[in-house]
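Please treat every number below as a calculation from the coordinates, not as lab data. A quick note: this is a predicted structure, and the numbers were derived from the prediction, not measured. Because the Cβ atoms are built from the backbone with ideal geometry, glycine has one as well, and the counts that use them run over all protein chains shown.
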Amino acid sequence: MNIHLQNLLSIYTYKSERKSWSSKTPRSVSVVSYQVDGHYNHTFPFGVLEVKKDCIFTINPKDPYVVERVTDGYSICFTFNSDTPIPTELIDCSADPRFLILFRKLLKYKNLSDESTYYMAQSVAYEILALIAEKKKCRLLSGLEK
């Protein structure tokens, strides 16, 4: 996964009062989100991702989905444009506190209109993407060793 952030668009916390909602395609942005609390089921054409506390989920702009809230919670998210599509997937980060630390750090730079803040936010977003790539590589290697 070699993602090039063409444009970091937004950084925000997300909490919905709705029991369910859907997202149509195509969307213009990729999403990376850390579930701080709660449980939400995201149903895609390929299956269901159970998004729970301490999980990261990435959403490809071409993937439609429907969300069902199981328990209330919120997530920290960032959106971006990329020339490389990010895959839609779920990653358990419960054993690695670096993810939550980085997402909280990212919130400090959510004012993307300031040039220096934008570059700091982009740097943290790349750190998050690097950790995701590291986690995927470890998962792949452990799967090959079994």
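Take the stretch 32-129, compute every pairwise Cα distance, and split them into 5 Å bins from 0; I just need the percent in each bin.
3, 12, 22, 23, 20, 14, 6, 1, 0
What residues qualify as long-range amide H neighbours of V31, i.e. H under 5 Å apart, gap of 5 or more or another chain, H built at 1.01 Å from N?
I59
Tell me which of S33, S123, T43 sits at the most positive position along the dipole axis of the chain, charges placed on C-beta atoms (Lys, Arg +1; Asp, Glu -1).
Of the candidates, T43 comes out farthest on the positive side.
If the chain between Q6 and K110 were fully stretched, how many nm would it gain, using 0.36 nm times the residue separation less the Cα-Cα distance? Each step should come with its number before you reach the end.
Values: separation 104, 0.36 × 104 = 37.44 nm, distance 1.69 nm.
Taking 0.36 nm per residue and subtracting the Cα distance, the gain is 35.8 nm.
Subtracting the Cα-Cα distance from 0.36 nm times the residue separation, let me have the gained length for Y118 to L140 in nm, one decimal. Write down the numbers at each step before the final one.
Numbers: separation 22, 0.36 × 22 = 7.92 nm, distance 3.28 nm.
Here the segment from Y118 to L140 would lengthen by 4.6 nm.
At a threshold of 8 angstrom on Cα-Cα distance, excluding pairs fewer than six apart, so keeping six or more, what relative contact order does the stretch 1-93 reach in percent? Mind dumping the intermediate values first?
Working: 239 pairs, mean separation 40.0, N = 93.
The value is 43 percent.
Please state the equivalent ellipsoid semi-axes for the stretch 1-73: what are the square roots of 5 times the Cα gyration tensor eigenvalues, largest first, in whole Å? Don't skip to the end; give the middle numbers.
Values: eigenvalues 83, 45, 29 Å².
They are 20, 15, 12 Å, listed largest first.
Tell me, in nm to one decimal, what length is gained between D72 and T43 on full extension, where the rule is 0.36 nm per residue of separation less the Cα-Cα distance?
Extra length from D72 to T43 when fully extended: 8.7 nm.
How about the stretch 22-128: which chymotrypsin sites (Phe, Trp or Tyr not before Pro) there are in a DSSP loop, with at most 15 other Cβ atoms within 10 Å of their Cβ? Mind showing how you got there, number by number?
Details: sites: Y34, Y40, F46, F57, Y65, Y74, F78, F80, F99, F103, Y109, Y118, Y119, Y126; in loops: F46, Y109.
Within the stretch 22-128, the qualifying chymotrypsin sites (Phe, Trp or Tyr not before Pro) (loop, at most 15 other Cβ atoms within 10 Å) are F46.
Would you work out which of G143, N60, L102 lies farthest towards the positive end of the dipole of the stretch 33-146? Charges go on Cβ: Lys and Arg +1, Asp and Glu -1.
Result: G143, furthest along the dipole toward the positive end.
Taking the simple approach of a point 7 Å from Cα along Cα-to-Cβ for both I101 and K19, what is their distance in nm?
With each label placed 7 Å out from Cα toward Cβ, I get 4.1 nm.
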